[in-house]
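The values are calculated or read from the model by the stated rules, or taken from the named source; none is laboratory data. Just so it is clear, the model here is predicted, and its values are computed rather than measured. Methodologically, a virtual Cβ is constructed for each residue, glycine included, from the backbone with ideal geometry; neighbour enumeration extends over all protein chains shown.
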Amino acid sequence: MTKLANRVHKVKPSFTLQMATIAAEMKSKGLDVINFSVGEPDFNTPAAIIKAGKKAMDDGFTKYTAGPGMIELREAICEKLKRENGLSYHPADILVSNGEKQSLYNACQALFDKGDEVIVFRPYWVSFPEFVRLADAEPLLVDTLAEKNFEPDFEDLKRKHNSNIKGVIINSPSNPTGGIWSNESIIRLLKIAKKYNWVIISDECYERLVYDGTFTSTEKLNQDNDIGAEVVTCISLSKTYAMTGWRIGYSAGPRDIIKAMSKIQGQATSCANSIGQKASIEALLGDQACVEDMKRAFKERRDLIVHLLNQIEGVTCRVPGGAFYVFPDFSYYLGMSSQEKLLKDTFDISEYILDSAKVVTVPGDGFGSPGHIRFSYATSTEIIKKGIEKVETALKKLKSKE
Ligand SMILES: Cc1ncc(COP(=O)(O)O)c(C=O)c1O
C-alpha cells in the first residue's frame, strides 16, 4: 500500500464537518433530524449578489484572474476596510483567496516553520491547530476564562510563555463561543506580541455579526494605540453575505507577508474563482441592508436559544455578543448515565442527544473545552424551539450519579 506523507497522519479531519455529515446521512435515511451543528447562515445569498455572479458568467468572465485577486475587488476591499474598519490599505496589501480558510492556511504557511510555536486560545475553532501543524509548527494552547466570556487567561499565557513562540491567532467574535473579546484584552495581547516580536493573525470572519456594541478590528486597536505589532487580518464574505459556497475570503497586512502568502497561493490554486470575485464586488460595494436584515434575525434567534437553554435543568448559557453560536455549560450532566452508558465527556452527551432526540450538536471537547456544547442558531425559530424541547426531554431521562 502507498505510504502516505507524515502530515496526513499529523492533521485531524475537520470535526465540525464530520458532525454535518452525520446530520446529512441521517436526513437522507428519512429521519427527522434537527441540526444545530451548521456553520453557515441558512439564508440564501442576497439577490443582487447572485445577479452579479450570473452577469459575470454571461459576460464570459470565466477565466483566471490576477493571482492576488482582481484589482477591482482588491480596491473594493480597501474601500470596505476604510468605510467599516477605519483602516487604510493599498490593493498591494490585499490577497483574495478561495475562502478565508485559504487565507488563514496561506498565512500559517508563509509565517511558521518547524520549531515554532503558535498561540491558539482554547476553546478554538477546530482548524486553527491544524493550520499550524500543517506548517510543521506546534499549536500552544492557552486557556480562556469561561466566567469572563472566554477572554484570554493572561496568567496561563505567562506560565506557557517561551522563546519558541512566533505567532498568535485571535478569533473575535469567536467560533465556537460567540464571545467577543474586550478591546482591553486585545490591546494587552498586541502589546505582548510587539514586545516579543510575535505576528498576530486576526480572524475576523464574524465581524459584521455583532449584536451588542460595536466591533473594532485588531489592526485598528493596534494603530489607534501606537503599538506597532504585525497584524495579518483575515476576513470572509461567507458569513456576512451568506456566501459560504462562493469561496471568497481575503487577507490584509504588511506587504512583505501578503506577498509571501500570494506566492504560496499562486502555486496552490492560482487565484480565487473569478465569478465569486465579481459577485464579491457587488457584496462589498452594494446596498448593505441585507446584512442588517440577517443580523436582526440572528439576534432574535440568539435571544430565544439562550432563554430556552437556560430553562433546562443544570444548563447555564451566557449571552454571546456575536457570530451565530452559543456555547452552554452542560457539565451538570457529566457522570450521569443513560440505559446503555455512562456520559463521561461532552462527546458522550452529544452522542446521547443525537441517538435519543435526533438532534445534532457539537461537543465542546472537540474545541478543547470540556463541559460545553456548541449550538449553532443559524436556523429558524420554530426549529430552535422544537430542537431544544427535544434536548430537554432526552436529558430528563438520564439517571443521576449515585
Ligand atoms: C472562525 C472561522 N474562521 C474562518 C472560517 C472560514 O470561512 P470561509 O473559508 O468560508 O471563508 C470559518 C468557517 O466556518 C470560521 O468559523
*Being at pLDDT 95 or above, within 12 Å of the chain's Cα centre (by Cα) and surrounded by 18 or more Cβ atoms within 10 Å (Cβ to Cβ) narrows it down to one of I201, I170, I165, so name that one.*
I170
*If you go through the range 58-74 one residue at a time, how many are over 25 Å from the mean Cα position of the chain (by Cα) and outside any loop (DSSP other than H, G, I, E, B)?*
3
_Could you list, ordered by first residue, the pairs with Cβ atoms under 7 Å in which the first is in the range 67-83 and assigned by TED's automatic domain parsing to the domain that holds I248 and the second is part of a loop (DSSP other than H, G, I, E, B) and crowded, with 17+ Cβ neighbours inside 10 Å, at least 6 apart or interchain?_
G67/C271; G69/C271; G69/A272; R74/P68; C78/Y89; L81/L87; L81/Y89
*Six or more apart or on different chains, Cβ under 6 Å: which pairs go from a residue in the range 353-377 that's in the same structural domain as V315 (by TED's automatic domain parsing) and surrounded by 24 or more Cβ atoms within 10 Å (Cβ to Cβ) to one that's in a strand (DSSP E or B) and hydroxyl-bearing (S, T, Y)? Could you list them?*
R374/Y325; S376/Y325
*Of all residues in the range 233-255 being more than 8 Å from the ligand (Cβ to nearest atom) and of a type in the set (V, I, T), the one that is surrounded by the fewest Cβ atoms within 10 Å (Cβ to Cβ)*: T240
_Test for S127: is it modelled with pLDDT of 95 or more and either aliphatic (A, V, I, L, M) or within 12 Å of the ligand (Cβ to nearest atom) (or both)_ = no
*Go through D226, D156, D212 for me and flag whichever is within 21 Å of E40 (Cα to Cα), more than 16 Å from the ligand (Cβ to nearest atom) and over 13 Å from the mean Cα position of the chain (by Cα).*
D212
*Select from the range 83-94 the residues that are within 18 Å of E282 (Cα to Cα) and under 24 Å from the mean Cα position of the chain (by Cα) and write down the one among them that is surrounded by the most Cβ atoms within 10 Å (Cβ to Cβ).*
I94
*Would you check if W198 is hydrophobic (A, V, I, L, M, F, W, C) and either within 14 Å of the ligand (Cβ to nearest atom) or not assigned by TED's automatic domain parsing to the domain that holds K82 (or both)?*
no
*asked:* I'd like to check something: does the range 291-300 contain any residue that is away from the ligand (no atom under 16 Å from the Cβ) and surrounded by 19 or more Cβ atoms within 10 Å (Cβ to Cβ)?
replied: no
*Name the residues in the range 179-209 that are in contact with a Lys or Arg (Cβ under 8 Å, 6 or more places away or on another chain) and hydrophobic (A, V, I, L, M, F, W, C), would you?*
W198, V199, C205, L209
_Tell me the residue from K101, K148, K114, K80 that is surrounded by fewer than 17 Cβ atoms within 10 Å (Cβ to Cβ) and modelled with pLDDT of 95 or more, please._
K114
*Within the range 68-75, can one find any residue that is surrounded by 15 or more Cβ atoms within 10 Å (Cβ to Cβ), away from the ligand (no atom under 16 Å from the Cβ), under 14 Å from C271 (Cβ atoms) and hydrophobic (A, V, I, L, M, F, W, C)?*
yes
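Each row is one residue, and each column tells you yes or no for (1) of a type in the set (K, R); (2) within 14 Å of the ligand (Cβ to nearest atom); (3) in a helix (DSSP H, G or I).
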site	(1), (2), (3)
I257	no, no, yes
S270	no, no, no
S280	no, yes, yes
G314	no, no, no
V319	no, no, no
_Condition first: modelled with pLDDT under 95 and outside any loop (DSSP other than H, G, I, E, B). Now tell me which residues in the range 361-390 satisfy that._
V362, P363, G364, D365, G366, F367
*So, in the range 44-67, of the ones that are of a type in the set (V, I, T) and closer than 17 Å to L284 by Cβ, which residue ends up nearest to the ligand (Cβ to nearest atom)?*
T45
*asked:* List pairs: first residue in the range 139-166 and outside the structural domain of F121 (by TED's automatic domain parsing), second residue buried (at least 19 other Cβ atoms within 10 Å of the Cβ) and in a strand (DSSP E or B) anywhere in the structure, Cβ distance under 9 angstrom, at least six positions apart or on different chains.
replied: none
*If we keep just the residues of the range 101-118 that are assigned to a loop (DSSP other than H, G, I, E, B) and among the charged types (D, E, K, R), which is farthest from Y206 (Cα to Cα)?*
K114
_So if I check each of I186, I180, which one is surrounded by 19 or more Cβ atoms within 10 Å (Cβ to Cβ), within 19 Å of S251 (Cβ to Cβ) and in contact with a Ser or Thr (Cβ under 7 Å, 6 or more places away or on another chain)?_
I186
*Could you tell me whether any residue of the range 93-110 is more than 15 Å from the ligand (Cβ to nearest atom) and among the aromatic types (F, W, Y)?*
no
